[in-house]
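Note sheet for the following structure.
The values are calculated or read from the model by the stated rules, or taken from the named source; none is laboratory data. None of these values were measured; they are calculated from a predicted model. Don't worry about glycine lacking a Cβ; one is built from the backbone with ideal geometry, like all the others, and counts go over all protein chains shown.
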Amino acid sequence: MSAPTRQELLEAYAIADRGVPTVRMNFVMSLDGAVTIEGRSGGLGDEHDRLAMQVLRTLADVVLVGAGTVRVEGYGGLQVDEADAAWRRAHGLASQPRVAVVSSRLDLGPEHPFFARAVDRPIVVTHAAAPSDRRAALAEVADVLVCGDEAVDLEAMLAALAAAGLPQVLCEGGPHLFGALIEADLVGELCLSLSPTLVAGDAGRIARGAPEVARSMRLVHAIPAGDLLLLRYARSR
Ligand SMILES: NC(=O)c1ccc[n+]([C@@H]2O[C@H](COP(=O)([O-])OP(=O)(O)OC[C@H]3O[C@@H](n4cnc5c(N)ncnc54)[C@H](OP(=O)(O)O)[C@@H]3O)[C@@H](O)[C@H]2O)c1
């Protein structure tokens, strides 16, 4: 089976208007709906999924993740490669997307690789009731955005990111952050890699922890990449 090139994916995932703040989700999922194998997403992806992920990162202003995903997947030193960095510069973007983590408890210390290995100053999104000592410690190594009083106000977060010059948000999960974004109706796109794998087991879904809603999405593309399928859906308003 054929697979799209990097250039074809850059065109397929192009952002129509970079000035309009958008949250684009990216997940990989097994055919039977599992979000992980042995607790991590890596076993579901292949080289086609990884290429799509690199392209999506190349197009983003900021890569946003929940603290649970950082705790499991690490996220230290996230960066696009030199060819993608050159593409970004040629299109008026910073060489690298910023990285941001959402957390209430702030139990990621400044020594965590997310901060210690970051290529640019990371962003922490939290709320005013988060532990102040941890907030102060993280402010040494990151830009801390306080959005909301008792809980993270996700709409305020997106406004703060846009005000910081980061309107194009690529959210790489995890499921609880996705659930909260769906609940607040802030998801503009879902880019889903359908992995040619059956997993069974008890792995969760790509969204959880939020009340049931029904948000309509429309198909933008379905691109076969080997046996994997790259799906791009946009919110229909
Ligand atoms: N297949 C895939 O593409 C994919 C992608 C991402 C993750 N995953 C998998 O998903 C699993 C992690 O799941 P998860 O649901 O725990 O991930 P998650 O959503 O990244 O993390 C949940 C944590 O993030 C913070 N958070 C999320 N939403 C928040 C909100 N609205 N307000 C404040 N804080 C918020 C909280 O952190 P604090 O506890 O610090 O307050 C919360 O405990 C891992 O096994 C990972 O491998 C899979």
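One table, with the values for the structure above:
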read-out	value
Members of segment 1-53 found to be over 15 Å from the mean Cα position of the chain (by Cα) and β-branched (Val, Ile, Thr), listed by number	THR5, ILE15, VAL20, THR36, ILE37
ARG121 vs. criteria in contact with an Asp or Glu (Cβ under 7 Å, 6 or more places away or on another chain), touching a residue at least 12 places away in the same chain (Cβ under 8 Å) and under 22 Å from ASP49 (Cβ atoms)	no
Residue check for ARG208: touching a Phe, Trp or Tyr at 6+ places or on another chain (Cβ under 9 Å), within 23 Å of GLY39 (Cα to Cα) and basic (Lys, Arg)	yes
Residue match in segment 66-80 (condition: touching a Lys or Arg at 6+ places or on another chain (Cβ under 6 Å), over 28 Å from ASP185 (Cβ atoms) and crowded, with 18+ Cβ neighbours inside 10 Å)	yes
Selection status of VAL169, buried (at least 18 other Cβ atoms within 10 Å of the Cβ) and at pLDDT 95 or above	yes
Matching helices (runs of 4 or more DSSP H) fully within segment 6-100 where at least 1 residues are within 15 Å of the ligand (Cβ to nearest atom), modelled with pLDDT of 95 or more and small (Gly, Ala, Ser)	47-59, 67-73
Hits in segment 190-204 - residues which are small (Gly, Ala, Ser), within 12 Å of the ligand (Cβ to nearest atom) and either over 18 Å from the mean Cα position of the chain (by Cα) or surrounded by 18 or more Cβ atoms within 10 Å (Cβ to Cβ) (or both)	SER193, SER195, ALA203
Which numbered condition VAL119 misses (of (1) more than 22 Å from VAL20 (Cβ to Cβ); (2) out of contact with any Gly (no Cβ under 6 Å at 6 or more places or on another chain); (3) crowded, with 20+ Cβ neighbours inside 10 Å)	(3)
Where ASP133 falls short, out of the listed (1) more than 21 Å from VAL23 (Cβ to Cβ); (2) surrounded by 21 or more Cβ atoms within 10 Å (Cβ to Cβ)	(2)
Failed criterion for LEU154 (all others in (1) surrounded by fewer than 18 Cβ atoms within 10 Å (Cβ to Cβ); (2) without any contact (Cβ under 8 Å) to a residue 60 or more places away in the chain hold)	(1)
